[in-house]
Amino acid sequence: MPIGLPRRSLLSAGVAAPLVALLAGCSAEAGVRAGSRGVSAVSVQGLRRRTARDSAALLARYEATEAAHPALGEALTPFRETVAAHLRALGDDASSAPAGRVPEVPAEPADAVGALVEAERRTADRRLAALADSPPELARLLASLAAAGAAQAQLLAEVRA
């Protein structure tokens, strides 16, 4: 049963890239060990830590936005919880957050949500870019996180509207 969305709508919505990346992460290479791709355990740990720091920074941005605009709290809670779940999936918690610096939040609620949308997109883009340097297991996780981030950005845009 068709869902009624033309393919071009999906492509223009930016949904295709994360889905392609997700599928690429589940390729025939899935059985290849990380060491056989020339990726050291140290570089994998570093990539995982950088990805966790990105999630922690995104989580801090959500918390700062909710603090600056309490009326947005209810709408932003599911998005913030998803970012916290991503952080847990990376094997980390809020301790990865950049110390001391609270993200700047725009004064207007719509602009604050817009800043979250851009932060989600930038984070998803960084995760997609990191796929090429990742062993299969981490690539699948990064692809999933990137796809989720792109979806979050798309859904957040509706909160602003």
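The values are calculated or read from the model by the stated rules, or taken from the named source; none is laboratory data. These numbers were taken from a predicted model, which means no experiment stands behind them. Because the Cβ atoms are built from the backbone with ideal geometry, glycine has one as well, and the counts that use them run over all protein chains shown.
Considering segment 108-160, and only residues there that are among the polar types (S, T, N, Q) and either in contact with an Asp or Glu (Cβ under 8 Å, 6 or more places away or on another chain) or in a helix (DSSP H, G or I) (or both), the residue that is surrounded by the fewest Cβ atoms within 10 Å (Cβ to Cβ) turns out to be Q154. Pairs linking a residue in segment 61-87 that is within 19 Å of E104 (Cβ to Cβ) to a residue that is assigned to a helix (DSSP H, G or I) and basic (K, R), with Cβ atoms under 8 Å and 6 or more positions apart or on different chains, are Y62/R80; E63/R80; E66/R80.
Give me the pairs, please: first residue somewhere in segment 30-56 and more than 15 Å from A124 (Cβ to Cβ) and at pLDDT below 50, second residue anywhere and part of a helix (DSSP H, G or I) and not charged (D, E, K, R), beta-carbon distance under 7 Å, and either six or more positions apart or on two chains. Short answer, once both residue conditions are applied: A30/P136; V32/P136; A34/V44. Just one of the numbered conditions (1) assigned to a helix (DSSP H, G or I); (2) buried (at least 17 other Cβ atoms within 10 Å of the Cβ); (3) among the aliphatic types (A, V, I, L, M); (4) modelled with pLDDT of 95 or more is not true of V105: (1).
The single condition among (1) farther than 16 Å from R127 by Cα; (2) at pLDDT 90 or above; (3) under 15 Å from the mean Cα position of the chain (by Cα); (4) surrounded by 13 or more Cβ atoms within 10 Å (Cβ to Cβ) that E81 does not meet is (4).
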